[in-house]
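First the structure, in the form of structure tokens, and then the observations on it.
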Amino acid sequence: MKSQNIVTTTLPALSIGQTGRVVQLHTRRPVDQRLLALGLMPGMLVRLVRTAPLGDPIEVEFQNQNVSLRKAEAESVEVELLPATPPSSGA
Amino acid sequence: MDAASPQDAHSPRIALIGNPNTGKSTLFNALTGLRQRVGNYPGVTVSKKSGALILPGGVRAELIDLPGLYSLAAASLDERVVIDVLCGHLSGTPVPDAIVCVVDSTNLLRNLFLASQVAELGIPMMLVLNQVDVSRKFGVQIDTAKLSERLGGIPVVAASAWHGEGIPEVRAAIATLLEKKTRMPRIAWHACVQEALDILRSGLERAGAHPLPVPELQRVLFDTTTPVLDRIQCDAHAVERIVAAARECIRRGGFNPFAAEPVLHYERLKHVLDGVATTRTDGAHTFTQRLDRILLNRVLGTFIFFVSMTAVFASVFWLAAIPQGWIETGIGWLGNTAEKWLEGSPILQSLVTKGVIDGVGAFMSFLPQILILFFFVAVLEDSGYMARAAFLMDKLFSWCGLNGKCFVPMLSGYACAIPSVMATRTIEDPKSRLATIFIIPFMSCSARLPVYSLMIGAFLVPKIGTLNGGLVMVAMYLLGLIVAIPTAWVFTRFILKTRSQPFVLEMPRYQVPKPRDVLLRMAQSGWEFVRRAGTIIFAITIIVWALLYFPHADEVALSTKKTFVAERAKDAGKKVEEIEAILEKATREEFIAGQVKQTGKKAEEIEAALEKATREGFIEEKAKETGKAPEEIEEALEADGGDPKKNKLAAALKQHIALAAALEAHIEPAASLEKQTEAAFVEHSYLGRFGKLLQPVFDPAGFDWKITIGVLASFPAREVIVSTLGITYSLGGEADEESDDLKKAMAESVWTSGPRIGKPIFTIPVVFGIMAFFALCSQCGATLATITKEAGWRWAVASFFYMTSLAWVIAVLCYQVGNLF
């Protein structure tokens, strides 16, 4: 992986079906504590499954589990876009 | 209180812990069956579920079902309770002898995080790998022996609580655990964490803090906020400095102090699970994924959501009315029976029929709604749909500080607030939950309907038509919501100090709910309501009965009779004595005796004729006489337009019914007097006097003393207003919102004193004021009792004063503004 090709963004900014790799979490906010407990840690793959019909919250998939998050709260999760389509499940 | 025997005092206590959605409650139900008790932990409103567990060899143990949680980092009250129980901080709840940790076998890594954290407590522990049927289907193979070996030899049992698979093995393993007391080894902390803990311990010791055990030190170290800090009686600034120093030590070791705990535990668990469990081969939870594509679809999913929620609402609103009807009939029958039995003693008669029996009826009638709503709550939660409903609706609620889980309780609030307040237990976030409890009573419940119907039917429909009347009805239903939303907004932003929890919601696998779990949940909710709220509701009913009954002075009856007789005499141009003589004879018995004399028939015959003196009775009799079908008689009655002059049969019917009318006329004076006496007693009761005293408070809203008494009498239950108005307007308590007499009496009532003398009381602004008042006021003792139980009495008091003062303000506004036009 060449570092100049890596684009980082936030979790809710992924498009539907897109997978990202977690770069870092804010860690001081309660939402990140909860996500860490669920196993969302730097280096892990996370996929944006869908957004709710009203646009918020979003549903993400990581570690074989689906979790719903509010966009504002998921913003603290920084992810890097993977160059190709996800190797993980589904699509 | 079944734990009194000395053997039980020493019976081992086992705590059941686990992540949410692991089937923990199903396992609990499978292990304990019906030997369960539900209560509350002291001081908090988290329900405590425990049950008796019979182990092989007949040993009886107590199994405690703790709330589901993902981590010991306590964010919610539920999670705090788990830590407090496991550390022995709750009075009356000693540290458990052993822990059974339930894990979802399809997601071992995440589930074992909690187990690894709990291992720090050093309590003997075992694992139940639940839902193995599903993980097997997913192609996950787990070597339980190897897992046990890697976790220090603690028992590890694969089970499927839903199918009853592995339950005997779990029982046997618990017995082994109690005997061998195997513990899951603690994590080997990185040196920097060890050092940080040392810094923390010695620092706190020097600062003179209450010494903490290691697991609690860890909470202070790792969590951004923790209730443990409340227990250290020590200068907050000093603690802050010490904690910062300890965290700095972790940072020097190369870890983020707030992420170190999960990162290190997960790292450990990855090693533990390496070669123990295979990964999934099925391409993930396909069934759930496919279903979600429909149920969370923008159009279809939203549609299905509204259809299912309509079904829930319709069931609570209408379906519950059927068993409620039975209960009312039963209570009514009981009341009539008691009334006859206790004829000799008027006080006792009134106490038993209007106090005790109505009091029981008052809370019994809520049971169908509670059972039905909790049936749906259990099905929605156990199936996994509740999380989807919250996902779909969250946006609508998040801006005013609530979340998607508030939808179901708020919706059912439109049927009845009591089960809805109970159903807020499904909202994990304490802030949203409290705010929801606070606004649910504003939802226009079914008990408000009679008030709206009466007011709209009597005063608005004649003036503005049925259609506009219907629109006003809709507006009344919206009024509660219009008030509730800003209330929630202000409440969550400025009043509730607790921090809102992040909305991180696991979307569990779809699953068929287990009937036993659903039934148990319904039964427990119903029983808890009866046990805890029922007594309060009962007491309120008795108190209000007493306030409406006493002093019940004889002079009131005498003076009412005097006025009545004088008025009648004047109207009829007769002497007072004549009227009194008529009153004497105005009984059913006298009427029958009179008929016997007139017609020469036997008293029994007259009695029988009276029984049947209805159209139905007539048709039935004619059918029997002629051997024709009732339909044929019906048809014959309709011939010639049903005109008694042309149709003989119709003429006979007229005569037949005339008997009942004659009886009615005969007993009318006495019945009227009785109703007027009843009204006078209410007027002169303590509550009546208080209502008259309080009338000036409601005067700015244009309420006279009769409305004020009605308002006061309906504080325990707002639907009482209609029958109270019936009594005060001398029409008897049987008058309902359809009663034309009541509507007429109200429309004709005028002010008898003051500046508005001679003017009608029920003007349009007053009518709107009354409806708004009843829409917003806290007039339901059962709701307040339920709030007390769910959130504490302070919230009940706050709810009462907030709602009542708001209702008053709006009612006054209606009157004052309405009178400007």
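The values are calculated or read from the model by the stated rules, or taken from the named source; none is laboratory data. Everything quoted here is computed from the prediction, not taken from an experiment. Every residue, glycine as well, gets a Cβ built from its backbone with ideal geometry; the counts of neighbours run over all protein chains shown.
Just wondering, is there one or more residues in segment B:350-363 that are aromatic (Phe, Trp, Tyr) and out of contact with any helix residue (DSSP H, G or I) (no Cβ under 7 Å at 6 or more places or on another chain)? The answer is no, given that none of the residues of segment B:350-363 is aromatic (Phe, Trp, Tyr) and out of contact with any helix residue (DSSP H, G or I) (no Cβ under 7 Å at 6 or more places or on another chain).
Assessment of segment B:363-376 against the conditions (in contact with a Lys or Arg (Cβ under 7 Å, 6 or more places away or on another chain) and either of a type outside the set (D, E, K, R) or within 14 Å of another protein chain (Cβ to nearest Cβ) (or both)) yields at least one matching residue. The set of residues from segment B:204-222 being in contact (Cβ under 8 Å) with a residue 24 or more places away in the chain, crowded, with 18+ Cβ neighbours inside 10 Å and farther than 18 Å from B:Ala259 by Cβ comprises B:Leu204, B:Ala209, B:Pro215, B:Glu216.
The residues on offer are B:Val474, B:Val518, and the sole one that is away from chain A (no Cβ under 14 Å), hydrophobic (A, V, I, L, M, F, W, C) and either outside any helix (DSSP H, G or I) or surrounded by 15 or more Cβ atoms within 10 Å (Cβ to Cβ) (or both) is B:Val518.
Is one or more of the residues making up segment A:24-31 within 12 Å of chain B (Cβ to nearest Cβ), on the phi > 0 side of the Ramachandran plot and polar (S, T, N, Q)? Yes - at least one qualifying residue is present in segment A:24-31. Residues in segment B:223-240 that are over 27 Å from B:Gly88 (Cβ atoms) and in contact (Cβ under 8 Å) with a residue 24 or more places away in the chain: none.
Just one of the numbered conditions (1) within 32 Å of the chain's Cα centre (by Cα); (2) closer than 20 Å to B:His265 by Cβ is not true of B:Leu127: (1). Just one of the listed residues (B:Glu120, B:Glu149) is touching a Lys or Arg at 6+ places or on another chain (Cβ under 7 Å) and away from chain A (no Cβ under 14 Å), and it is B:Glu120. Scanning segment B:27-49 for residues that are of a type outside the set (Val, Ile, Thr) and at pLDDT 90 or above, which turns out farthest from B:Thr176 (Cα to Cα)? Applying the filter and picking the extreme gives B:Asn29.
Could you go through segment B:590-602 and let me know if any residue there is within 16 Å of B:Ala665 (Cβ to Cβ) and touching a Lys or Arg at 6+ places or on another chain (Cβ under 6 Å). Checked against the condition, which is being within 16 Å of B:Ala665 (Cβ to Cβ) and touching a Lys or Arg at 6+ places or on another chain (Cβ under 6 Å), segment B:590-602 yields no hits at all. The set of residues in segment B:351-385 that are among the small types (Gly, Ala, Ser), surrounded by 20 or more Cβ atoms within 10 Å (Cβ to Cβ) and farther than 18 Å from B:Glu719 by Cα comprises B:Ala378, B:Gly384.
Cβ-Cβ contacts under 6 Å between residues 6 or more apart (or on different chains), taken from a first residue in segment B:440-455 that is crowded, with 24+ Cβ neighbours inside 10 Å to a second residue that is polar (S, T, N, Q), are listed as B:Ile440/B:Ser420; B:Pro441/B:Thr783. The sole residue among A:Gly55, A:Gly43 that is more than 7 Å from chain B (Cβ to nearest Cβ) and on the phi > 0 side of the Ramachandran plot is A:Gly43.
All conditions in (1) more than 25 Å from B:Thr22 (Cα to Cα); (2) crowded, with 18+ Cβ neighbours inside 10 Å; (3) within 14 Å of chain A (Cβ to nearest Cβ) hold for B:Arg499, with the sole exception of (2).
In segment A:59-78, the residues that are at the interface with chain B (Cβ under 9 Å from one of its Cβ atoms) reach residues that are among the small types (Gly, Ala, Ser) and part of a strand (DSSP E or B) with C-beta atoms within less than 9 angstrom, at least six apart or across chains, in these pairs: A:Glu59/A:Ser68.
For segment B:215-232, the criterion of a residue being charged (D, E, K, R) and within 30 Å of B:Ala387 (Cβ to Cβ) is satisfied by at least one position.
Quick grid of which residues meet (1) part of a helix (DSSP H, G or I); (2) of a type outside the set (D, E, K, R):
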{"site": "B:Leu583", "(1), (2)": "yes, yes"}
{"site": "B:Ile592", "(1), (2)": "yes, yes"}
{"site": "B:Gln595", "(1), (2)": "yes, yes"}
{"site": "B:Lys601", "(1), (2)": "no, no"}
{"site": "B:Leu610", "(1), (2)": "yes, yes"}
{"site": "B:Glu621", "(1), (2)": "yes, no"}
{"site": "B:Glu625", "(1), (2)": "yes, no"}
{"site": "B:Ala636", "(1), (2)": "yes, yes"}
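Candidates in segment B:377-424 are the residues that are within 11 Å of chain A (Cβ to nearest Cβ) and outside any helix (DSSP H, G or I); of these, the one that is farthest from B:Gly23 (Cα to Cα) is B:Trp399. Here segment B:95-134 is the region considered, the condition is being of a type outside the set (A, V, I, L, M) and out of contact with any strand residue (DSSP E or B) (no Cβ under 7 Å at 6 or more places or on another chain), and the residue that is surrounded by the fewest Cβ atoms within 10 Å (Cβ to Cβ) is B:Gly122.
Here A:Leu54 does not fit the description of being in a loop (DSSP other than H, G, I, E, B), within 11 Å of the chain's Cα centre (by Cα), at pLDDT 90 or above and under 27 Å from B:Trp399 (Cα atoms). Tally time: how many residues in segment B:707-753 are closer than 19 Å to B:Phe459 by Cα and among the small types (Gly, Ala, Ser)? Selection size over segment B:707-753: 8. Take the conditions (1) part of a loop (DSSP other than H, G, I, E, B); (2) within 25 Å of the chain's Cα centre (by Cα); B:Thr804 misses just one of them, which is (1).
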